[in-house]
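Where a number appears in this text, it was derived from the coordinates with a stated rule and is not lab data. Values in this document were obtained by computation on a predicted structure and should not be read as measured data. Here the Cβ is made from the backbone with ideal geometry for all residues, glycine too, and neighbour counts use every protein chain on show.
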Amino acid sequence: METGIRDFIMAHPLFSHHDHHCTFEEFEKQREICTHRSLLGYAGADLTTAAGPRPARYADEDARMEALWPYIRTTGYGRAVMSGCRALFGIEYEPANFARITEALRASVAGRTPAEAYDWFVREKAGVRWVLLDWLFRIEKAEALRVDLYPGYYRFAFRCDDLFAIENAGPIEAIERFTGISALNLDRLVAALNAAIEKFKGTGRLAAFKVGIAYRRDLTVTDPTRHEAERAFERIRNGKAFYSGMQQNGAAVNRRESRALSDYLLRRLIERADDEDIPVQFHTGYLAGHWGSLAGTRASLLIPLFDRYRRVRFDVFHGSWPWMSELGAIAKNYPNVYPDLCWAWAMNPEETERALCEWLDAIPFNKIFAFGADTGFPWCEAGYAVQAREGIARALENKVRKGFFSGATAREVASAIMIGNGERFYGIA
């Protein structure tokens, strides 16, 4: 078997399709308070899982970490922490080294401007050339248009989930403030949504629309009539909040009516994407944290949208884990669906490696996106990047070992799924 594929992949730059990195201003606030726990990223959730439903009491957070870390160091989340610590500082992430790790992290940000620190963590240590940032956008945040709060190699996704999982007038009032448009009727609300998008386009760094409604509701998107949407708008605009089985302002209202307005607005967003060839990202599959219902998060629930909007390019996130094979079949059948492994390497590395092998058998490789760290702190990027590269290397070595790929083909595939496909898809070069 030809050697060198792993070395090629481990040194190859990445396109991060999905991150939540803090702003330069927020980074400044972390300088003096960041500790070894700042490297945990998603592993903090595994600590809670390990603790069980009746967690023991500990003297402090470090005591909790020392007690529970041994149980999570074997998970994908835990292994990413260890990989990141080695990549950044050459130190093993274990309780005996926690003080050294804190010292090393603080030293790594000392004396660097935020821009210099991001370059060191993201570009030098993680080897990430482009970052597509999902800022968990809230309309009312003035900082939403402050592109100077991030490096120039960051691009942004417009995300306004509040409007697509609407239950009260709050999101309507927020977009009114942001755009200066009084949304007195349904048409004016759609106009305000389009005006907000225009403001983001004005930054010159809008790359996609992001839909993260899986955290708020299921992914089944209805096709309400204009009358149904107007009725819901009028009730919500008049202060009648939508709570199933409850009385509000003398009227019985329910979430089904609320869904009519949410889905009407979501379809207008997708139509805007169709008109201007703006990609649409969807969160599918596993949810961060705990106790979230997965029943309504599988990518197959979006098939009616994929079929209806055939010219819209959908970047479908997280491999839809635990329904990765299903997403592969969808991407093979729907030319407008691009399966994305962002975050998946951390959630379940073995399953993600298997999925990549499957997808490469079924899907033209120019359709596959291999990486997105999906993390909040730039210093966590390195661990997730190492983890992804190792998984990609194993998958492609497997293809070469079985005689399916030549070494040259494996390198071509690696370059495409790691960065080239993302650059072409998002028009970044």
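Measuring from centroid to centroid over Cα atoms, what is the spacing of the range 358-392 and the range 53-125 in Å?
Centre-to-centre distance over Cα atoms comes out at 21 Å.
Percent of Cα-Cα pairs more than 15 Å apart in the range 32-109, please.
Tail of the P(r) past 15 Å holds 53 percent of the pairs.
Starting with the highest mean, order 329-339, 200-210 by the number of other Cβ atoms within 10 Å, averaged over the residues of each peptide. Write down the numbers at each step before the final one.
Working: 329-339: 19.6, 200-210: 17.9.
Peptide ranking by packing, descending: 329-339, 200-210.
What share of Cα pairs, in percent, lie more than 29 angstrom apart in the chain?
Tail of the P(r) past 29 Å holds 49 percent of the pairs.
When only DSSP loop residues count, what trypsin sites (Lys or Arg not before Pro) in the range 380-429 have their Cβ near at most 13 other Cβ atoms within 10 Å?
On the way: sites: R389, R394, K399, R401, K402, R411, R424; in loops: K402.
When the trypsin sites (Lys or Arg not before Pro) of the range 380-429 are filtered for loop state and at most 13 Cβ neighbours within 10 Å, K402 remain.
Report the percentage of all Cα-Cα pairs in the range 328-411 whose separation exceeds 22 Å, rounded to a whole percent.
28 percent
Over the range 289-429, consider all pairs of different Cα atoms and compute the Kirkwood hydrodynamic radius from their mean reciprocal separation; express it in Å, one decimal. Walk me through the numbers on the way to the answer.
Numbers: mean 1/r = 0.0642 Å⁻¹.
One over the average 1/r among Cα pairs gives 15.6 Å for the range 289-429.
Using the 10 angstrom Cβ neighbour count as an exposure proxy, how do E26, E61 rank, fewest first?
Working: E26 14, E61 11.
By the 10 Å Cβ count, ascending: E61, E26.
Which order do H21, H12 fall in if you start with the one that has the fewest other Cβ atoms within 10 Å?
Going from sparsest to densest Cβ surroundings: H12, H21.
Run the numbers on the chain and let me know its relative contact order in percent, using alpha-carbon pairs under 8 Å that are six or more apart. Display every interim value, and only then the final one.
Numbers: 722 pairs, mean separation 96.7, N = 429.
For the chain, the relative contact order is 23 percent.
Note the angle between two axes, namely the Cα long axis of helix 349-362 and the longest principal axis of the Cα atoms of the chain, as a number of degrees from 0 to 90, rounded to the nearest 10.
70 degrees
Report relative contact order for the range 32-109 in percent, whole number only (criteria: Cα-Cα under 8 Å, sequence separation at least 6).
Over the range 32-109, the number comes to 42 percent.
Tell me, what ³J(HN,Hα) does each residue in the range 324-337 have, in order and in whole Hz, if you take phi through Karplus 6.51 cos²θ - 1.76 cosθ + 1.60 with θ = phi - 60° and put x for Gly and Pro?
6, 4, 4, 5, x, 5, 5, 5, 5, 7, 10, x, 8, 10
Could you give log10 I(q)/I(0) at q = 0.13 Å⁻¹ for the range 15-73, computed by the Debye formula over C-alpha point scatterers of equal weight, without solvent?
These q points yield log10 I(q)/I(0) values of -0.47.
Starting at the first residue of the range 25-40, write each ³J(HN,Hα) from the Karplus equation 6.51 cos²θ - 1.76 cosθ + 1.60 with θ = phi - 60°, in whole Hz, x for Gly and Pro.
With the stated coefficients, the range 25-40 comes to 5, 5, 4, 4, 5, 8, 3, 8, 10, 5, 10, 4, 5, 5, 8, 5 Hz.
Can you sort S293, S38, S258 from fewest to most other Cβ atoms within 10 Å of each residue's own Cβ?
S293, S38, S258
With springs only between Cα atoms under 10 Å apart, run a GNM on the chain and tell me which of L68, L193, L356 wobbles the most.
Largest GNM mean-square fluctuation: L68.
Rg over Rh of the range 151-218, using C-alpha atoms and the Kirkwood radius, what does it come to?
We get a ratio of 1.00 for the range 151-218.
Say the cut-off is 25 Å between C-alpha atoms; which of K332/K402; K210/K332; K210/K367; K125/K402 go over it? Intermediate values should be presented prior to the final figure.
Working: K332/K402 23 Å; K210/K332 22 Å; K210/K367 18 Å; K125/K402 32 Å.
Pairs exceeding the cut-off: K125/K402.
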